[in-house]
Amino acid sequence: MSHTVRCWATQYVSKLVNQEGNTIINNQILHARKKTVDESFVLGFDLQDLYKQLTALCSTMSQVIHAFSTTRCQERDHTTADGTRCLAAILQLLGQRSQQNSWSKHLFGLYLYATGTQRQTISVLSTWGVCSSYSTVAGSQAKSTSSHDNKSKKGKEKAYQSSETECPSQMATATSTTATTLPSTHQNVYAGLIRRLSQACCITVQQAARIHQLSHVYDNINLLFKAAEQVIGRKDSLEYSTCATAIRIFEAAKNDMKTANLLETMQKAPELSVRDVVLTQQENTLYPAVLTHTILQIVVTHDGPSFSRFHNDIAKSLPVTENQIPLHKTEFYPLPAMDIDKSSTVGNADVIDAISNALAYNTTSPEYLHTVKIYLGDQLSMTRLGSVGQNRVGHDALCHTHMNVVQAMRLFHGQMHVASGCLDTHWGLPSAGSQDPGSLSFHNTVLDCKPILLSSPPPYQTCS
């Protein structure tokens, strides 16, 4: 091929690639400013779907990148580069072409921030065009030089601080058409993607709380910050906080969640007797089948490939009862973390108030007081939460007594109690040795592994 023909072919391909780049910009498929910062901003990002759209809009560039990243040996051995790597190259080049093509950069920045990546690493990757800057993700304050700018900056900072302390119930007054887009008020300019996404999630869960019946799960967060070096004024610190999640109750109607029915049933409930825990004839037949299936499931799952081929047979033999709900996907909504220590009775009451505030519950309205609210947590927290209502009845207003609150133990904590109970019940006498082969203490000798002791039980996964 002559030099003239090569130059013409290069210029022609360059012209086609340039037209494809303009087509993508005009299509606005990667424009973050045209997208609302809500759940769909993150959940709507699909690599496979995006690769199909970009290859359809820039077929020439895709072929060039695929040819540049693939050798003949790889084509012969069918080890060519997958579409994800070609897509990463296209996204980085489109981000260099126009700053408006920043949707993928924002999501990569959110991923790095959520996984605990350090700020320096995010800044370096942002310089290379891989993700957005740290200030774009986490938020920042603008810098000004003149005195007029300093005054305006103070006013904006004050407005931004007021927006931070604004309760979620005030944010819920915004309509569903409120656009949490990138170019908006001063609050959004300084907030960053994290805060805007959090505000959008708060509005979504408040809308769900007005439509559906929700249950609420909360637990503590323990964060240990260690000092890397021996520096005066720096030491390890342990921070306590609380996180919560709202879960939609399957097919729960308001008529079935009345506080009056709950209190009436509790007053008429007889004392617990042995007959209340005795199994019926149907349950006695089902109980051995459930135990047998559980043991077979453990053997097939954990005993290697020789038993894994029976996985489908075990799944088909699962015991089924009439007490089951239809197959469905549970909808859950994470709530903002709370700077509350729930290790006390007052702390648990503050958690309930904070969750009600985050969900925009009107705790003084008759509709709220007449509807049962279910809260789940560990056994100690539920016990302290129950004592709140007993202490406040007759002393505080009805909305502060939490009489419409039902305490329930989380499934995880219930399983831990079951595992601990099995260890205590079937532990046996260690001094009996081989004379008690069914005891768990005898397994320490048979298995010849790290001994299991009641004073220091093994991890939860091992017990379960």
Of all residues in the range 388-442, which are more than 20 Å from Leu214 (Cα to Cα), open to solvent by 30 Å² or more (accessible area, probe 1.4 Å) and within 29 Å of the chain's Cα centre (by Cα)? Gln415, Met416, His417, Val418, Ser420
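Could you tell me whether the range 335-352 includes any residue that is closer than 25 Å to Leu263 by Cβ and either open to solvent by 60 Å² or more (accessible area, probe 1.4 Å) or part of a strand (DSSP E or B) (or both)?
Within the range 335-352 (the criterion being closer than 25 Å to Leu263 by Cβ and either open to solvent by 60 Å² or more (accessible area, probe 1.4 Å) or part of a strand (DSSP E or B) (or both)), the answer is yes, since at least one residue qualifies.
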Pick from Pro366, Pro451: which is surrounded by fewer than 16 Cβ atoms within 10 Å (Cβ to Cβ), under 25 Å from Ala253 (Cβ atoms) and not polar (S, T, N, Q)? Pro366
Just one listed residue, out of Lys268, Lys226, is open to solvent by 100 Å² or more (accessible area, probe 1.4 Å) and within 28 Å of Thr371 (Cβ to Cβ), and it is Lys268
How about the range 123-143: which of its residues are of a type in the set (A, V, I, L, M) and either under 22 Å from the mean Cα position of the chain (by Cα) or exposed (fewer than 12 other Cβ atoms within 10 Å of the Cβ) (or both)? Val137, Ala138
Residues of the range 230-249 classified as touching a residue at least 12 places away in the same chain (Cβ under 8 Å), open to solvent by 70 Å² or more (accessible area, probe 1.4 Å) and part of a loop (DSSP other than H, G, I, E, B), total: 1
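With respect to Glu271, is the statement that it is of a type in the set (D, E, K, R), in a loop (DSSP other than H, G, I, E, B) and at pLDDT below 85 true?
So Glu271 fails the test.
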Which condition number does Asn284 fail, the rest of (1) more than 26 Å from Ile211 (Cβ to Cβ); (2) open to solvent by less than 80 Å² (accessible area, probe 1.4 Å) being met? (2)
How many residues are among the aliphatic types (A, V, I, L, M) and either at positive phi or not in a helix (DSSP H, G or I) (or both) when one looks only at the range 81-100? 1
Based on what the data block shows, is Gln99 out of contact with any Lys or Arg (no Cβ under 7 Å at 6 or more places or on another chain) and open to solvent by 70 Å² or more (accessible area, probe 1.4 Å)? yes
Residues to consider are Thr301, Thr364; find the one that is under 31 Å from the mean Cα position of the chain (by Cα) and closer than 30 Å to Tyr218 by Cβ. Thr364
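The values are calculated or read from the model by the stated rules, or taken from the named source; none is laboratory data. Quick caveat: nothing in here was measured; it's all calculated off a predicted structure. For neighbour counting, all protein chains shown are included, and Cβ atoms are generated from backbone atoms with ideal geometry for every residue, glycine included. When the accessible area is computed, the model is the full protein with side chains, heavy atoms only, and any ligands, DNA or RNA have been set aside. Shrake-Rupley method; radii C 1.70, N 1.55, O 1.52, S 1.80 Å.
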